[in-house]
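Right, one structure below, let's go through it.
The values are calculated or read from the model by the stated rules, or taken from the named source; none is laboratory data. Keep in mind that this is a model prediction, so the values were computed, not measured. Note that each Cβ is placed from the backbone with ideal geometry, even for glycine, and that neighbours are counted across all protein chains shown. Note: accessible area is taken over every heavy atom of the protein model, side chains too, but ligands, DNA and RNA are not part of it. Shrake-Rupley method; radii C 1.70, N 1.55, O 1.52, S 1.80 Å.
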Amino acid sequence: MWGSLDISVSGMVAQRTRHAAIAANLANSETLLNARGEYDPYRRREVMFAPGDPSSPTREGRALGVHVERIHVNEDALRARYDPTSPFADERGMVMVPDISPAFETINSMQAVRAYEANVAAAEVTKQMMAQALRLLA
């Protein structure tokens, strides 16, 4: 029964990370400068999951659940926007800006929240089953 609780917890951690990446994408959808003030448009982050939970202390636990394998920076996630007044515009007046769709990111955010909620519900049911089993044993 502890394994099913570990699965739910690993899912919650993974979805929380995914939601944080989505929030960063939305927050930086108009960011053109990096931390040093250089022209370097923000690239969309994508969270990649993998099976298993490497942080689990047991071998069996490492085979269960999910974890964030990596956060991929999509280097191709740029689009040209016409803005001849920008200091970053090329000779045609085009500026490369982050290709982040608020609608797409909002849908992804809703999916991450729903998946997180499903894992919370599964963890609650697991806790109830464990409590009932302990009551039967007592």
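With respect to the chain, whose longest principal axis is taken over its alpha-carbon atoms, helix 2-27 is tilted by about 10°. Its Cα gyration tensor gives segment 1-67 an equivalent ellipsoid, and the semi-axes of that ellipsoid, as √(5λ) in whole Å with the largest first, are 35, 11, 8. Expressed as a whole percent, the proportion of Cα-Cα pairs in the chain lying more than 27 Å apart is 41%.
For 45, 36, the ranking by accessible surface with the largest value first comes to 36, 45, using a 1.4 Å probe. Per residue, the solvent-accessible area of the chain (1.4 Å probe, heavy atoms of protein chains only, all protein chains present) comes to 64 Å². Taking every pair of alpha-carbon atoms in segment 65-138, what share in percent sits in each 5 Å bin, from 0 to the bin with the longest distance? That works out to 3, 12, 10, 13, 12, 9, 9, 7, 6, 5, 4, 3, 2, 2, 1, 0, in percent per bin. For the chain, with all protein chains in place and a probe radius of 1.4 Å, 59% of the accessible heavy-atom surface sits on carbon or sulfur. Stokes-Einstein diffusion for segment 36-77 at 4 °C, viscosity 1.567 mPa s, with a Kirkwood radius from C-alpha pairs, works out to 104 µm²/s.
The accessible area of residue 109, taken with all protein chains in place and a 1.4 Å probe, comes to roughly 20 Å². Identify, among 68, 138, 101, the residue whose Cα sits farthest towards the positive end of the charge dipole of the chain, taking +1 on the Cβ of Lys and Arg and -1 on the Cβ of Asp and Glu, with the dipole about the Cα centre. Farthest along the dipole direction, towards plus: 138.
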